[in-house]
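*Asks:* Mind looking over this structure? Questions follow.
None of the figures in this text is laboratory data; all of them are computed from the coordinates on show. In this text, all values refer to a predicted model and were calculated from it rather than measured experimentally. Here the Cβ positions follow ideal geometry from the backbone for every residue, glycine too, while neighbour counts run over all protein chains shown.
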Amino acid sequence: MKRRNLIKGLATIIPAMALSKSIAATNYFLDPAGSKEFAKIPFSPTWESLEKYVVPQWYKDAKFGIWAHWGPQCEPERGDWYARGMYEEGSDQYKYHVEKYGHPSEFGFKDVINKWKAEKWDPDYLVGLYKKAGAQYFVALANHHDNMDLYDSKYQEWNSVNMGPKKDLMAGWAKAAKKYKLPLGVSVHASHAWSWMETAQRADKHGPKAGIPYDGKVKAEDGKGKWWDGKDPQDLYAQNHPLSKDSENNSAIHAQWSWENGVAEPTKEYIEKFYNRTIDLIDKYNPELVYFDDTVLPLWPISDAGLRIAAHLYNKSVKKNGKVTAVVNGKILNEQQRKCMIWDIERGQSNKIEPYTWQTDTCIGAWHYDRRIFDNHHYKSAKTVIHTLLDVVSKNGNLLLNIPLRGDGSIDSDELAVVEEIGEWMKINSEAIYATKPWKVFGEGPAIENVAPLSGPGFNEGKGKPFDSKDVRFTAKGNDLYATVLGWPEDGKVNIKSLAKGSSLNTKAIKKVTLLGTGTTSDFQQTADGLTIKVPGVESKLSYALVFKIS
């Protein structure tokens with residue numbers, strides 16, 4: 001994951017004629033098993049068929065999930081996109097790699113995988129911790145753009161059972177999720193390895209190693225006598241192909257994320273291998289949620305592989321449960337596509353109540369573990385996480401929060417403190433989160449006037465005015481309204497303008513106000529200026545989000 005400045009208009013519907021020509025040209029449209037398979041079951045791999053999708057109630061009620069975005073790129077503990085950045089001459093990650101491991105012509109990402117042992121990974125402890133923090137679903141990384149499968153993969157030899165930890169990581173996560181009764185999600189990112197790993201084809205342009213190719217094009221026969229003897233690095237790197245247009249420009253990949261603008265188009269064999277790997281993942285571990293780090297769906301629109309995967313997941317769910325209980329997340333969706341799956345916004349939030357359930361995914365630090373964030377104490381605070389959660393839920397969304405794990409699989413002390421504080425707040429206030437619905441308006445206050453627009457797949461997080469005690473977010477459940485004040489008021493009083501006497505938003509007299517965690521508050525007054533409440537007690541470490549239950 002990384003900021004992607006994608007071109008304007010990705011969310012528009014691609015004309016059917018142009019799409020059919022694109023797919024027909026590459027001959028990817030039919031499922032390998034034959035189109036008759038899809039004719040007998042509820043969902044076929046078309047947008048028209050997937051429009052029958054209904055968001056499962058468990059997901060609409062859950063509101064909050066925690067994600068372990070953890071894999072071999074966490075081993076160096078140097079942040080996001082390490083497997084790409086280590087091959088970018090002169091970059092921070094390149095310099096770090098040369099110093100720690102050696103030159104990428106001699107010690108490539110395949111060798112980082114061999115170093116990764118995950119010796120302190122304890123999925124039972126971690127998932128139990130996330131459950132205590134209030135998570136209602138858990139998501140684990142199945143593979144990243146580095147192309148290594150973190151499960152017992154039938155179709156990808158480069159997997160965590162054969163190499164690195166030599167453990168079935170997904171099986172461990174799945175067992176823990178089942179124990180703590182959390183729906184299991186898997187995140188799938190490997191469709192982009194084809195272009196993302198192109199940096200491994202390069203060579204230094206300067207210095208003593210100038211002109212010596214990195215290891216991106218090594219083959220099985222090059223491994224004789226080495227730890228990877230008998231294994232083909234091209235099954236991992238997938239770099240036996242010409243470079244994309246402007247490949248030497250490290251930023252070009254962002255505009256090519258939707259498989260256009262000169263990206264090197266993958267082969268049918270690469271696409272079908274990705275499809276088979278993902279179906280294998282779904283069938284082995286039975287996830288209720290599949291998150292794709294893709295524009296719309298993997299390999300769309302050059303292939304219908306993503307459509308076939310979504311149809312398979314939904315049909316499997318219907319066969320097992322009698323109805324669809326599964327979720328697919330994708331990015332930059334048009335109106336039709338938002339009916340077929342769940343729109344995901346990366347590191348950002350919508351600025352209105354959305355008609356369809358949606359999700360924000362974000363992280364308290366870097367997506368892949370970065371030791372510098374811990375050393376400098378720069379994680380998001382529990383306060384920031386709770387404010388984000390309240391804002392997202394008030395707009396009909398869910399929050400999926402990544403807690404980065406160290407290379408060895410452990411959680412550091414700063415992260416643990418954040419997770420535990422989230423749990424403290426949720427223990428008192430979760431009734432204003434779970435199973436709620438948006439109210440007539442999502443909120444009020446000065447932050448609304450300073451919102452930042454979405455950029456590509458998201459990335460408006462933290463660009464607006466910080467929340468304070470004049471900002472309020474609303475949720476509703478049954479006959480109760482929850483008004484959460486996002487800060488402790490200096491004078492000890494809050495005034496909620498949306499609940500003024502005579503307001504068109506609130507036509508009934510307010511009879512009862514309760515501050516969650518303290519009991520009934522009788523000291524309130526409803527006037528033409530708003531509902532004024534005197535906050536009982538004194539400010540505490542959790543007073544950055546005060547939930548008033550209004551009847």
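*Asks:* Please list, in order along the stretch 236-248, the HN-Hα scalar couplings obtained from phi with the Karplus expression 6.51 cos²θ - 1.76 cosθ + 1.60 (θ = phi - 60°), rounded to whole Hz, x for Gly and Pro.
*Replies:* The phi angles translate into 8, 6, 6, 10, 7, 7, x, 6, 5, 4, 6, 5, 5 Hz.
*Asks:* Would you work out the charge dipole size for the stretch 144-299 about its Cα centre, treating the Cβ of every Lys and Arg as +1 and the Cβ of every Asp and Glu as -1, and quote it to the nearest 20 debye?
*Replies:* Numbers: 20 positive and 24 negative charges, 124 e Å.
Here the size comes out at about 600 debye.
*Asks:* While we're looking at this one, here's another question. So, R0 is 22 Å and r is the distance between the beta-carbons of SER503 and ILE448; what FRET efficiency does that work out to, to 0.05?
*Replies:* The calculated FRET efficiency here is 0.85.
*Asks:* I would also like to ask the following. What does the convex hull of the alpha-carbon atoms of the stretch 443-550 project to on average, in nm²? Don't jump to the answer; show the numbers that get you there.
*Replies:* Numbers: hull surface 32.2 nm².
The number I arrive at for the stretch 443-550 is 8.1 nm².
*Asks:* How many angstrom lie between the C-alpha centres of the stretch 403-437 and the stretch 501-551?
*Replies:* So the separation of the two Cα centres works out to 26 Å.
*Asks:* One-quarter of the Cα convex hull surface for the chain, in nm²?
*Replies:* 26.2 nm²
*Asks:* Please tell me the relative contact order of the chain in percent, rounded to the nearest whole number, where contacts are Cα pairs under 8 Å and at least six residues apart.
*Replies:* Relative contact order of the chain: 17 percent.
*Asks:* For a quick protection proxy, order the peptides 402-413, 263-274, 359-370 by their average other-Cβ count within 10 Å, most packed first.
*Replies:* 359-370, 402-413, 263-274
*Asks:* In whole angstrom, how far apart do the alpha carbon centroids of the stretch 42-113 and the stretch 140-207 sit?
*Replies:* 8 Å
*Asks:* Here's another thing I want to ask about it. If packing is taken as the average count of other Cβ atoms within 10 Å, what order do 128-140, 220-232, 196-208 fall into, highest mean first? Please list the in-between numbers first.
*Replies:* Numbers: 128-140: 22.8, 220-232: 12.3, 196-208: 17.7.
For the peptides 128-140, 220-232, 196-208, the packing ranking is 128-140, 196-208, 220-232.
*Asks:* Could you pull out every residue, at least 5 positions away or on a different chain, whose amide H is within less than 5 Å of the one on ARG78? Hs are placed 1.01 Å off N in the peptide plane, and Pro or chain starts have none.
*Replies:* Here the answer is ARG371, since their amide H atoms fall under 5 Å of that of ARG78.
*Asks:* What residues qualify as long-range amide H neighbours of GLN256, i.e. H under 5 Å apart, gap of 5 or more or another chain, H built at 1.01 Å from N?
*Replies:* The list, which skips near neighbours in sequence, is empty: none.
*Asks:* Just subtract the alpha-carbon distance of GLU431 and THR357 from 0.36 nm times their residue separation and send over the number in nm, one decimal.
*Replies:* Numbers: separation 74, 0.36 × 74 = 26.64 nm, distance 1.88 nm.
Here the segment from GLU431 to THR357 would lengthen by 24.8 nm.
*Asks:* Please give the calculated 222 nm ellipticity per residue for the chain, where each DSSP H segment of at least 4 residues contributes -39500 (n - 2.57) and the sum is spread over every residue; nearest 500 deg cm²/dmol? Mind showing how you got there, number by number?
*Replies:* Numbers: 18 runs with 151 residues, N = 551.
My calculation for the chain gives -7500 deg cm²/dmol from helical runs alone.
*Asks:* Please compute the Kirkwood hydrodynamic radius of the stretch 267-399 from all pairs of different C-alpha atoms, in Å with one decimal.
*Replies:* 16.6 Å is the Kirkwood radius here.
*Asks:* For a quick check: with amide H placed at 1.01 Å from N, whose amide H comes under 5 Å from VAL327's, ignoring anything fewer than 5 positions away on the same chain?
*Replies:* LEU289, VAL290
*Asks:* Apply the Karplus parameterisation 6.51 cos²θ - 1.76 cosθ + 1.60, with θ equal to phi minus 60°, to every residue of the stretch 228-234 and state each ³J(HN,Hα) to the nearest whole Hz, in sequence, with x for glycine and proline.
*Replies:* 3J(HN,Hα) across the stretch 228-234, in whole Hz: 9, 3, x, 10, 9, x, 5.
*Asks:* In addition: Could you tell me the largest-minus-smallest coordinate of the C-alpha atoms of the stretch 172-221 on each of the three principal axes, in descending order and whole angstroms?
*Replies:* Extents along the principal axes, in whole Å: 55, 24, 21.
*Asks:* Still on this structure, please answer the following. Would you mind putting 82-89, 312-319, 434-441 in packing order, based on average other-beta-carbon counts within 10 Å, highest first?
*Replies:* The most tightly packed comes first, giving 82-89, 312-319, 434-441.
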